[in-house]
Amino acid sequence: MKKVFITGASRGIGRAMALLFAENGYEVGFCYRKSHADAESLCKEISAFTKASSFCCDLANMHDVMALPAQIEARMGHMDVWINNAGASHFGLIQDVSEEEYDRLFNVNFKSMFFLTQAAAEKMIAVKKGSIINLSSVWGQTGASCEVLYSASKAAVVGFTKALAKELAPSGIRVNCIAPGVVDTDMMQRFSPTEKKNIAGEIPMQRFGRPQEIAQLALFLADERSSYITGQVLAVNGGFIC
């Protein structure tokens with residue numbers, strides 16, 4: 001049985017991925033920060049299909065991050081697929097960003113991704129196979145006003161993906177990136193119904209993406225259907241940018 005690990009999977013896109021991979025026969029491991037009830041609920045749903053393992057980890061805390069790979073290895077062994085899904089958002093003017101906010105956002109969105117992928121890649125290199133999937137954002141491709149910090153962290157994910165794909169390809173490991181547009185998750189709850197309607201109106205398909213649509217692409221990138229695809233940034237944004 002193949003194994004997948006997904007960061008930040010207790011809700012939203014990560015949860016949709018965990019369930020879809022479970023339905024397709026993968027053993028699923030995932031981490032979450034504080035939503036114990038959500039994690040327990042997800043494990044229960046996954047258990048209808050396969051084995052689930054959850055790990056509590058604050059990806060802003062590098063002590064937690066550096067301890068996580070050993071915990072995963074002890075309970076699950078090495079991963080066939082590693083998905084860096086967890087992310088944090090920030091909205092505000094650049095002059096209002098504190099060093100604490102900067103460090104926390106980059107720790108969650110990029111630094112933890114770098115070091116967790118480093119650990120996962122080491123195991124994949126040993127067996128000469130594996131798939132790594134990183135989640136960026138439409139703003140990592142184009143940038144967004146008042147989301148400079150978030151955009152910069154997600155742009156780092158794009159560069160990381162392209163470089164790592166070249167480095168790991170000779171070892172039989174593929175590395176790809178998904179760049180979602182506006183997806184109907186908790187991140188959108190700060191907007192009013194009117195604001196959401198206006199945002200949807202700017203998207204050619206006139207609606208937000210669904211977490212399941214991102215999950216379907218992740219499943220495709222994980223298996224042999226995408227065996228010659230690596231180093232790519234695949235946009236899922238309803239035509240928001242082309």
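The values are calculated or read from the model by the stated rules, or taken from the named source; none is laboratory data. Bear in mind that the values here come from a model prediction, so they are computed numbers and not experimental data. For neighbour counting, all protein chains shown are included, and Cβ atoms are generated from backbone atoms with ideal geometry for every residue, glycine included.
Some observations on this one:
- Enumeration of residues in the range 185-209 that are exposed (fewer than 15 other Cβ atoms within 10 Å of the Cβ), outside any helix (DSSP H, G or I) and not hydroxyl-bearing (Ser, Thr, Tyr): PHE191, GLU202, PRO204, MET205, GLN206, ARG207
- One residue stands out in the range 16-39 among those that are in a helix (DSSP H, G or I) and not small (Gly, Ala, Ser): the one that is nearest to ALA86 (Cα to Cα), namely MET17.
- Filter pass, PHE160 being without any contact (Cβ under 8 Å) to a residue 60 or more places away in the chain, surrounded by 18 or more Cβ atoms within 10 Å (Cβ to Cβ), assigned to a helix (DSSP H, G or I) and under 15 Å from the mean Cα position of the chain (by Cα): yes
- Within the range 44-99, the residues that satisfy the criterion of being without any contact (Cβ under 8 Å) to a residue 12 or more places away in the chain, over 21 Å from GLU23 (Cβ atoms) and not hydrophobic (A, V, I, L, M, F, W, C) are HIS63, ASP64, GLN95, ASP96, SER98, GLU99.
- Looking across the range 122-146, the residues that are part of a loop (DSSP other than H, G, I, E, B), in contact with a helix residue (DSSP H, G or I) (Cβ under 7 Å, 6 or more places away or on another chain) and modelled with pLDDT of 95 or more come down to LYS128, SER136, SER137.
Condition check ((1) surrounded by 15 or more Cβ atoms within 10 Å (Cβ to Cβ); (2) over 16 Å from the mean Cα position of the chain (by Cα); (3) of a type in the set (Phe, Trp, Tyr); (4) closer than 19 Å to ALA222 by Cβ) across all residues:
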| position | (1), (2), (3), (4) |
| --- | --- |
| ASP58 | yes, no, no, no |
| GLY77 | no, yes, no, yes |
| VAL81 | yes, no, no, yes |
| GLU101 | no, yes, no, no |
| MET113 | yes, no, no, yes |
| LEU116 | yes, no, no, yes |
| LYS123 | yes, yes, no, yes |
| VAL127 | no, yes, no, yes |
| GLN141 | yes, no, no, no |
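- Residues being assigned to a loop (DSSP other than H, G, I, E, B), polar (S, T, N, Q) and in contact with a Leu (Cβ under 9 Å, 6 or more places away or on another chain) - total across the range 210-242: 2
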